[in-house]
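For reference, the structure discussed in these notes is given below.
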Amino acid sequence: QYIVFDGPGSLELTNNSVLFDNDSDSSQFLQAGGSLSDPITVTVRNNIIAGFRNPFNLRGSAVTLSSEDNIFTGLAGSDPDFSLGSDTYTTLAGWQSNPGGYDQNSVYVDPGFVDPVNDNFITTAPEVDTLEAGVEYYVAT
């Protein structure tokens, strides 16, 4: 788990590039709602969230979410799971089609970090520039 937020209150995650490279099938970027009835407002916008099996595990009954313009990539060869309340969506498309309409302008794509092993998180994927998510777009020469 990367961020655990139990509220009450609000949390805003904007303009981050986060890479989890552990290949853990239970990895979570954001877990919120441990105190199931506490009101929590979460905003996730313009991020690159890479390598997590479950980017969002939002289990509280009073979680309000705003999520848009993010780039997701799951574990190698698998789609990420998104959990909200008692519902789990096993693809980004499923998550986008839920009644909340989350992440309509987000994409599932490898951001193409230049050299993450040596902390070079410049991206080579054109989708990053299109969404203006996380870090600036880098053209490899």
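When the residues of region 44-94 are filtered to those that are without any contact (Cβ under 8 Å) to a residue 24 or more places away in the chain and touching an Asp or Glu at 6+ places or on another chain (Cβ under 8 Å), which remaining residue is least open to solvent (accessible area, probe 1.4 Å)?
It comes out as Leu92.
Please specify each residue of region 1-26 satisfying the condition of being modelled with pLDDT of 75 or more, surrounded by 14 or more Cβ atoms within 10 Å (Cβ to Cβ) and part of a loop (DSSP other than H, G, I, E, B).
Scanning region 1-26 gives Asn16, Phe20.
Which one of the conditions (1) without any contact (Cβ under 8 Å) to a residue 60 or more places away in the chain; (2) over 16 Å from Ser27 (Cα atoms); (3) part of a loop (DSSP other than H, G, I, E, B) does Phe113 fail to meet, given that it meets all the rest?
It fails just one condition, (1).
Residue by residue through region 98-107, note down the ones that are over 23 Å from Ala62 (Cβ atoms) and touching a Phe, Trp or Tyr at 6+ places or on another chain (Cβ under 8 Å).
Hits for region 98-107 are Ser106, Val107.
Output the residues belonging to region 51-70 that are touching a Lys or Arg at 6+ places or on another chain (Cβ under 8 Å) and at positive phi.
Keep residues of region 51-70 that are touching a Lys or Arg at 6+ places or on another chain (Cβ under 8 Å), which gives 66-70.
Matches in region 51-70: Asp69 only.
The values are calculated or read from the model by the stated rules, or taken from the named source; none is laboratory data. Please read all numbers here as calculations on a predicted model, not as lab measurements. Glycine gets a Cβ as well: all are built from the backbone with ideal geometry, and neighbour counts include every protein chain shown. Ligands, DNA and RNA are stripped out before the accessible areas are found, and what is left, the full protein with its side chains, is counted by its heavy atoms. Shrake-Rupley method; radii C 1.70, N 1.55, O 1.52, S 1.80 Å.
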